[in-house]
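Notes follow the structure.
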Amino acid sequence: MSPFLAELLGTMLLVLLGDGVVANVVLSKTKGQNSGWIVITAGWAFAVTIAVYAVGSFSGAHLNPAVTIGLASIGKFAWASVPGYIVAQMLGAILGATIVWLTYLPHWPVTESPASKLAVFCTAPAIRNVASNLFTEIVGTTVLVLGVLTVLTPKNLNPGHGWDVGFGPCLVGVIVGAIGLSLGGPTGYAINPARDLGPRLAHALLPIAGKGNSTGAMRGFRSPGRSSAV
């Protein structure tokens, strides 16, 4: 499998499971309706773990432009490959979000809140304050990238191997879960441009019953949870 295809499929799987758990919690008449923040953060952590295991041996499982650029900036990834990875991640995120829409198709018309529908696809701050929201996302993304770099050390992986073996993907899932539980309250912890922007574009383009705008500019709406990925 080519690295481009691996990043596309890995990000698709990540968003499919991550957006899927949010849909299960916030949409009406699902089996998991109103099951809460812990379910969402756990679902996203599991989504990250599974996606990294699935494609790590083919592409390194960046699944996140922030990780790709972060690795390139410290010389651990070729800058020439950065644009291709980011395009693959964006396409995968849009595809994953589209599959979630199809999977939960009967639940969109019976869900009254446009804000809840948007929350399936992307984040929204609990209290809208651009400077504070930006700082929160910077902190969360920094923790993610530094955590991933730490996980990549030989002591946390089987010697001589990479993401395809060992506990590396599980540890990345733990990092994302920790970020969600500890730092996710103010903004919903996007910490991944592809997984937030890609599904947001899908929300804008798809014929979702009763949807509102796709900007997230909804006063008084507290996102019930979104998480990110690596």
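The values are calculated or read from the model by the stated rules, or taken from the named source; none is laboratory data. Computed from a prediction, not measured in an experiment: that's the story for all the values here. Glycine also receives a Cβ, built like all others from the backbone with ideal geometry; neighbour counts cover every protein chain displayed. Note: accessible area is taken over every heavy atom of the protein model, side chains too, but ligands, DNA and RNA are not part of it. Shrake-Rupley method; radii C 1.70, N 1.55, O 1.52, S 1.80 Å.
Restricting Val55, Val48 to residues that are free of Cβ contacts under 8 Å to residues at least 60 places away in the same chain and open to solvent by less than 10 Å² (accessible area, probe 1.4 Å) narrows the list to Val55. With respect to being within 17 Å of Thr11 (Cβ to Cβ) and not in a helix (DSSP H, G or I), Phe58 falls outside the description.
Quick grid of which residues meet (1) buried (at least 16 other Cβ atoms within 10 Å of the Cβ); (2) over 24 Å from Val174 (Cβ atoms); (3) modelled with pLDDT under 95:
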site	(1), (2), (3)
Phe4	yes, yes, no
Leu9	yes, no, no
Leu14	yes, no, no
Leu27	yes, yes, no
Lys31	no, yes, no
Ile40	yes, no, no
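When Thr111, Thr98 are checked against the criterion of being assigned to a loop (DSSP other than H, G, I, E, B), under 27 Å from Gly20 (Cβ atoms) and at pLDDT 95 or above, Thr111 stands alone in meeting it. From the list Leu171, Leu146, Leu201, the one residue that fits, being buried (at least 16 other Cβ atoms within 10 Å of the Cβ), in a helix (DSSP H, G or I) and at pLDDT below 90, is Leu171.
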